[in-house]
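The values are calculated or read from the model by the stated rules, or taken from the named source; none is laboratory data. For clarity, every value in this text was computed on a predicted model and none was experimentally measured. Here the Cβ positions follow ideal geometry from the backbone for every residue, glycine too, while neighbour counts run over all protein chains shown. Ligands, DNA and RNA are excluded from the accessible area calculation, which covers all protein heavy atoms including side chains. Shrake-Rupley method; radii C 1.70, N 1.55, O 1.52, S 1.80 Å.
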Amino acid sequence: MGSKADARKVCETRLEMRTLLTLECGADCAKFQKSELEHKFNKKALERPYTSKHSWGKTYGEHKRHLEFSHDQYRELKKYAEEIGIFFTASGMDEMAVEFLHELDVPFFKVGSGDTNNFLYLEKTAKKGRPMVISSGMQSMKTMHQVYQTVKPINPNFCILQCTSAYPLQPEDVNLRVISEYQSAFPDIPIGYSGHETGIAISVAAVALGAKVLERHVTLDKTWKGSDHQASLEPSELAELVRAIRTVEKALGSPIKQLLPCEMACNEKLGKSVVAKVTIPEGTVLTLDMLTVKVGEPKGCPPEDIFDLVGKKVKVHIEEDETITEDAIENHVKKVKC
């Protein structure tokens, strides 16, 4: 790669392309990360030598400054996102970054896992009045209760994401069951999932468990320099994930169990009825040993009514193997199925 300016331009172009790909792949929002480095790191942290293969500078500060977008570049990206019709926001990685994002008028604040136990930050962010999405990586359930108790009285419009801060994340460390624990502990707020695993299966499962917000990292090439790329989705995977989620959302459907219109054809063909096991003369009081269940023509009393028929009198003669219809039963009251 050429000069530092050239490298920065490539990174900028890549991020714009990610925004576009998020739109084309069907996601709802492109989220970035914003830091004001002197407010996020102390001096020694910025001066620390950084010799990783992923480094863009000799020190960690040089590395981060190389990658960090300016305020004007963020304004340009937000404008671009608006032009292509997608939401745009960022994780505010320190209090001053939150101030800038508030000025930028983002639709919601994302709180990264590194600030979830930063209660001073949470209070100040909550007081801005914007919706908040709070990741829970590196935290305990006790801390998450404190997060809820801190944010809720100030700003009730927030959600919590189950998250494990490892890149890439191994399946045994995902702990999707925490989603259910959060749903029980915090029933009045949405619960979601922030995933750093490879592939889409776990994220789809999170939605099936009830996750209302899903966050995944996106890249154009997993081999690019940078530790996040291996834990990110390429465009084809993102598109596949969105399609799978939309299918699962439809499939979750209604909690009411009932015979559906789409089942009527199968019910007409294979649904069973109560049938006479023996010849039953007119006026006979039915006993259980007179009755059996078969696929009958025409359809008659449903199998679940067989015990209710016992003790009832038949009004007509019924031949062996003949369907027992509701009209054949004296004083029969048809049940209404809910």
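Quick notes on this structure:
- Residue match in segment 111-122 (condition: open to solvent by 10 Å² or more (accessible area, probe 1.4 Å), closer than 21 Å to Asp173 by Cβ and aliphatic (A, V, I, L, M)): no
- The single condition from (1) within 37 Å of the chain's Cα centre (by Cα); (2) in contact (Cβ under 8 Å) with a residue 40 or more places away in the chain; (3) surrounded by 11 or more Cβ atoms within 10 Å (Cβ to Cβ) that Glu263 fails is (2).
- Selection within segment 67-105: residues that are more than 26 Å from Ser55 (Cβ to Cβ) and not in a helix (DSSP H, G or I). The member of this set that is most open to solvent (accessible area, probe 1.4 Å) is Phe87.
- Within segment 53-64, restricting attention to residues that are over 19 Å from Gly112 (Cα atoms) and touching a residue at least 12 places away in the same chain (Cβ under 8 Å), the residue that is surrounded by the fewest Cβ atoms within 10 Å (Cβ to Cβ) is Lys53.
- Residue satisfying all of: in segment 137-161; under 14 Å from Gly112 (Cα atoms) and free of Cβ contacts under 8 Å to residues at least 40 places away in the same chain; most open to solvent (accessible area, probe 1.4 Å) among these: Met138
- Exactly one residue out of Lys225, Lys212 is open to solvent by 80 Å² or more (accessible area, probe 1.4 Å), closer than 24 Å to Lys142 by Cα and part of a loop (DSSP other than H, G, I, E, B), and it is Lys212.
- Here Val333 does not qualify as closer than 24 Å to Leu260 by Cβ and either of a type in the set (A, V, I, L, M, F, W, C) or in contact (Cβ under 8 Å) with a residue 40 or more places away in the chain (or both).
- Residue within segment 222-241 that is under 25 Å from Cys25 (Cα atoms), in contact with a strand residue (DSSP E or B) (Cβ under 7 Å, 6 or more places away or on another chain) and without any contact (Cβ under 8 Å) to a residue 24 or more places away in the chain present: yes
- Any hit, segment 105-118, residues being hydrophobic (A, V, I, L, M, F, W, C), farther than 29 Å from Glu76 by Cβ and within 24 Å of the chain's Cα centre (by Cα): no
Residue-wise test of (1) at pLDDT 95 or above; (2) of a type in the set (S, T, N, Q); (3) farther than 30 Å from Ser254 by Cα.
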| site | (1), (2), (3) |
| --- | --- |
| Lys272 | yes, no, no |
| Met290 | yes, no, yes |
| Lys294 | yes, no, yes |
| Lys313 | yes, no, yes |
| Val336 | no, no, no |
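- Among all positions in segment 243-256, there is no residue which is assigned to a helix (DSSP H, G or I), open to solvent by less than 80 Å² (accessible area, probe 1.4 Å) and under 30 Å from Asn331 (Cβ atoms).
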